[in-house]
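The structure under discussion appears below in the form of structure tokens.
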Amino acid sequence: MTEYLLLRHRNRGEENIADLDTYLSLGGFEAYEKVVTTMTPQEVIDIVKASGLRGRGGAGFPTGLKWSFLSDRFPRYVVANSDESEPGTFKDREIMEHNPFQFLEGLMICAYAAQAEVAYNYCRGEFWELTQVLESKVRQLNDRGLLGRRVFDTDYSLQINHHLGAGAYICGEESALLESIEGKLGQPRLKPPFPADRGLYQLPTVVNNTETLTNVPLIISRGPEWYKSIGTEKSCGPKIMCLSGHAKHPGNYETPLGITFRELIFDLAGGIRDDKALKAIMPSGASAPFLPASDEVLDTPLTYEDIPKIGSQLGSASIILLDETVDISWAALKTMKFFEHESCGKCTPCREGTYWMYHLLGRINSDKAEQADVDLLGEVAQQVVGKCLCPLGDFATSAVFSGIELFQNDFNSHIPDAVNGADNPNKNK
Amino acid sequence: MSSNTANQTLRTRYSAEVKDILQRYPDDQKRSAVMPLLFLSQKEGLQATVSVMSEIAQILDISITQVASIVGFYTLYYAHSGGKNRIQICTDLPCALRGADDFADKVCEKLGVKLGETTEDGEFTVESVMCLAACDKAPMFQVQNGDGITYHERQTISDVQAVIEQLGNVEIDKSPEGAE
Ligand SMILES: Cc1cc2nc3c(=O)[nH]c(=O)nc-3n(C[C@H](O)[C@H](O)[C@H](O)COP(=O)(O)O)c2cc1C
Ligand code: SF4
Ligand code: FES
């Protein structure tokens, strides 16, 4: 891509677009002014629907469709999900640090479309300094009359507030996030009802990811047809791919949806650190199955529709690379430590299951396990999957199921007298 | 707890901030302010004491148990005292693939503590934490103290040393084996 659309601060020749005057001089807030002064909320929703934009927070749900589901009650709320806590994800932070106004403009357009007069931006607590900067940006927008009462002399008023989380991954799950804004424990709600019907304070609410919202001003100003021309038919638009782990050049890469793993990893990110061989890919942080570094996988396009075909998920495109030196049972242990720590404790299979899986993986990694422990690990995962209130429970089992299936030797090599120990390349490490 | 025994610190010392926080939420949803008020209280120290929690409970018309449950659930609030500065090193998978566990060991060695422990002078607690959305800039850590939370990315041991000296106003072990 020649032009950055989301990471616009990277475009050469442009000044600091985190500065309000600069952003305005580049056409900033024209899309917002256009929708507020010339369009109905329904027209905005129709444009976003037509663009094919899908949520970037993980599930890939069509954004315009989500907005159209709002129940016919008022007041309504709009919430930006800037909790960004999936291991391997660091895109929303770059957007908010360097291109904050495009995100805020997207949030404001979303609020108008939802006819909400109050919007919250929920930032993870660790974004403490960043949130202070964002609060000052919001004050600037109030001072310029872009936020506040009767913007552009219309009947529409809008206020943006920030709410800081305090270190809980589960608050990225939208209903837990809403509980957290309500001053409660960040524990997911039973769905339905969905937030569009009963969200914040039981009122109709839209929750969208930061990156999702950052797309919206462009869709308004350049049109849905233009937007749809980027990416694939079912996965439209640009996407920020977060590349971490053993990449030679880890970082955020903005590309059209639909480039392949190979293009991303080898053409854009310089390949694998120290020119080692790539062993496995975790395409969606800690939450989706490992993929082996096969040609089939490497040639798979990064889209919502293609990655499930090879057994994993695009999620929010937090792509962790593991080179040939990595023991997959250790990677599974690290992953499980995360889920054991982050389980909110509301349902027993997740709370107990993550504890036991962590315990068993610890045993395996300290070479104290027997074959029965590896078998038990799979059995515990089986007791968790599909039995939990929110997707975190299922997420926690991904690394176990796929790790054992694809890299069995990495588990068995820790077991004295493992059946296949003889032909195990890791045996003498 | 009766109102005349309760602490007034937030309401007297930070009355403007308290007012600003309450304004962010609907009048009948004051409970929403519990998290920002807990963060505000941390300016006075990283521990949610009974008197802090009872003042917040009073401001918001909720029970002290409800405040305590929030402190217990969210990891950036503390029921027990620790170091004045909490050095929180990310050792989650992506950072660990780029040397974060070794880095954490070296920081511990520098300060003469184990992960989770506090230095004798009460200045620093070193902890390992989950992903902080900075995975491409490993090794990294954040420091939480009364001033808030600050990120330190792409760190070497000598960078950490500088941060520690600046924060703790202390001379620490500069022996070569501690350096990178
Ligand atoms: C355990 C869990 C953690 C999540 N974390 C995040 C997150 O950090 N950021 C995010 O935007 N969405 C996260 N989500 C997805 C949200 O629930 C929700 O689908 C999303 O914010 C909707 O926005 P979108 O449609 O724009 O993607 C998480 C979901 C689950 C189950
Ligand atoms: S699956 Fe886990 S994280 Fe989700 S609600 Fe149940 S206990 Fe909480
Ligand atoms: S894994 Fe350390 S910041 Fe993400």
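The values are calculated or read from the model by the stated rules, or taken from the named source; none is laboratory data. Here the structure is a predicted model, which is why all the values come from computation and not from measurement. Note that we place each Cβ from the backbone using ideal geometry, even for glycine, and neighbour counts take in every protein chain shown. When the accessible area is computed, the model is the full protein with side chains, heavy atoms only, and any ligands, DNA or RNA have been set aside. Shrake-Rupley method; radii C 1.70, N 1.55, O 1.52, S 1.80 Å.
Among all positions in region B:127-142, there is no residue which is away from every other protein chain (no Cβ under 13 Å) and not in a helix (DSSP H, G or I). Taking the criterion of being more than 16 Å from ligand 3 (Cβ to nearest atom), under 18 Å from B:D101 (Cα atoms) and not small (G, A, S), the residues of region A:324-357 that qualify are A:T325, A:D327, A:I328. With at pLDDT 95 or above and open to solvent by less than 30 Å² (accessible area, probe 1.4 Å) as the only criterion, which of A:L361, A:L406, A:L376, A:L333 stands out? On inspection, the qualifying residue turns out to be A:L361. Please determine, by comparing only the residues of region B:66-86 that are open to solvent by 50 Å² or more (accessible area, probe 1.4 Å) and outside any helix (DSSP H, G or I), which one is nearest to the other protein chains (Cβ to nearest Cβ). Checking each candidate, the answer is B:T75. Of the residues A:G245, A:G237, the single one that is closer than 11 Å to A:L6 by Cα and in contact with a strand residue (DSSP E or B) (Cβ under 6 Å, 6 or more places away or on another chain) is A:G237.
A quick yes/no check of all residues on (1) of a type outside the set (S, T, N, Q); (2) in a helix (DSSP H, G or I); (3) away from chain B (no Cβ under 13 Å):
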{"position": "A:S175", "(1), (2), (3)": "no, yes, yes"}
{"position": "A:K184", "(1), (2), (3)": "yes, no, no"}
{"position": "A:N215", "(1), (2), (3)": "no, yes, yes"}
{"position": "A:I219", "(1), (2), (3)": "yes, yes, yes"}
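Quick check on A:E43: is it under 18 Å from the mean Cα position of the chain (by Cα), open to solvent by 20 Å² or more (accessible area, probe 1.4 Å) and acidic (D, E)? Steps first, please.
Numbers: under 18 Å from the mean Cα position of the chain (by Cα): no; open to solvent by 20 Å² or more (accessible area, probe 1.4 Å): yes; acidic (D, E): yes.
It is false that A:E43 is under 18 Å from the mean Cα position of the chain (by Cα), open to solvent by 20 Å² or more (accessible area, probe 1.4 Å) and acidic (D, E).
Working carefully through the options A:F339, A:F290, find the one that is within 14 Å of another protein chain (Cβ to nearest Cβ), touching a strand residue (DSSP E or B) at 6+ places or on another chain (Cβ under 6 Å) and under 21 Å from A:G378 (Cα atoms). Explain how you work it out, then say what you get.
Working: A:F339 fails: touching a strand residue (DSSP E or B) at 6+ places or on another chain (Cβ under 6 Å).
Just one listed residue meets the conditions, A:F290.
Criterion first (surrounded by fewer than 21 Cβ atoms within 10 Å (Cβ to Cβ), on the phi < 0 side of the Ramachandran plot, within 11 Å of chain B (Cβ to nearest Cβ) and within 16 Å of ligand 3 (Cβ to nearest atom)) does A:E126 satisfy it? No, not satisfied. The number of residues in region A:81-123 that are more than 10 Å from chain B (Cβ to nearest Cβ) and open to solvent by 10 Å² or more (accessible area, probe 1.4 Å) comes to 6.
So if I check each of A:E225, A:E254, A:E296, A:E305, which one is open to solvent by 40 Å² or more (accessible area, probe 1.4 Å), within 21 Å of the chain's Cα centre (by Cα) and at negative phi? So the residue among A:E225, A:E254, A:E296, A:E305 that is open to solvent by 40 Å² or more (accessible area, probe 1.4 Å), within 21 Å of the chain's Cα centre (by Cα) and at negative phi is A:E305.
A residue that is closer than 29 Å to A:Y227 by Cβ, of a type in the set (K, R), open to solvent by 10 Å² or more (accessible area, probe 1.4 Å) and within 9 Å of chain B (Cβ to nearest Cβ) occurs nowhere in region A:139-157.
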